[in-house]
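Contents: one structure, followed by commentary.
The values are calculated or read from the model by the stated rules, or taken from the named source; none is laboratory data. The structure displayed is predicted, hence computed values, not measured ones. With ideal geometry, Cβ positions are generated from the backbone for all residues, glycine too; neighbour counts draw on all protein chains shown. When the accessible area is computed, the model is the full protein with side chains, heavy atoms only, and any ligands, DNA or RNA have been set aside. Shrake-Rupley method; radii C 1.70, N 1.55, O 1.52, S 1.80 Å.
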Amino acid sequence: MALDKAQQDALKLEVAKAAITYVKDGIIGVGTGSTANFFIDELAKVKHKIEGAVASSEATAQRLRNHGIEVFDLNSVDSLDIYVDGADEITEHLHMLKGGGGALTREKIVAAVAKSFICICDESKYVPVLGKFPLPVEVLSMARSQVARELVKLGGQPKLRDFTTDNGNIILDVHGLTISDPIELETKINQIVGVVTNGLFASRPANVLLLATPNGVKTLT
Ligand code: 5RP
């Protein structure tokens, strides 16, 4: 049964609260999107425990600062214990498809620095195969047409999003993919000249999935 927005928001809040139990001290990596926003609001309640956060987008940085949480430049941080973020789709292997909010590149960079990626989702995001949600690919503007042609060769239908990323680039959302081997496709797309990164987070999957269901939050590792 499809959930309405209020029910989905209740699940996002529940899973955000569950993620707070992973917050110990130090600097926390924080993702982007509506589920991450619930996490930021919960993080604000325990901000005395932490030194601050590294943000995966300007929007997240702004929300953290509005709560009085110090935002650190990633270059001033050697490692992060945890990175907490949502996903657009996630499988039982904890491979993710992300970037619906357009922050995929910074998300991938901050996640790369973190020892543990904690993915927070409601159960609508848990899928057997990735690709029903269009795959975001961040691209340098001058390479748009060339990258689009290469993505068509891979079997997708790229559509330009009316959006500019925090890095000043464009996004092609690739429709029509059934992603049976996410690690292979992630690598192939990243090898196309002009691609900054793509929204497959499979080479470095999540370490923990906290999945909110109407029967409580399930933990998958
Ligand atoms: C942003 C992302 C988000 O994590 C993803 O889009 C999920 O967002 P939401 O929690 O709003 O459903 O990758 O770039």
Among what's in segment 158-172 and is touching an Asp or Glu at 6+ places or on another chain (Cβ under 9 Å) and open to solvent by 20 Å² or more (accessible area, probe 1.4 Å), pick the residue that is nearest to Val129 (Cα to Cα).
-> Pro158
Members of segment 26-47 found to be crowded, with 24+ Cβ neighbours inside 10 Å and assigned to a strand (DSSP E or B), listed by number | Ile28, Gly29, Val30
Restricting attention to segment 7-25, which residues are open to solvent by less than 20 Å² (accessible area, probe 1.4 Å) and either assigned to a loop (DSSP other than H, G, I, E, B) or more than 14 Å from the ligand (Cβ to nearest atom) (or both)?
-> Val23
Of all residues in segment 98-146, which are of a type outside the set (Asp, Glu), part of a helix (DSSP H, G or I) and either open to solvent by less than 10 Å² (accessible area, probe 1.4 Å) or more than 10 Å from the ligand (Cβ to nearest atom) (or both)?
-> Leu104, Ile109, Val110, Ala111, Ala112, Val113, Ser141, Met142, Ala143, Arg144, Ser145, Gln146
Surrounded by fewer than 21 Cβ atoms within 10 Å (Cβ to Cβ), within 19 Å of Ala112 (Cα to Cα) and not acidic (Asp, Glu) - does that describe any residue in segment 173-187?
-> yes
Within segment 48-76, work out how many residues are open to solvent by 20 Å² or more (accessible area, probe 1.4 Å), over 18 Å from Ala18 (Cβ atoms), away from the ligand (no atom under 16 Å from the Cβ) and not aromatic (Phe, Trp, Tyr).
-> 12
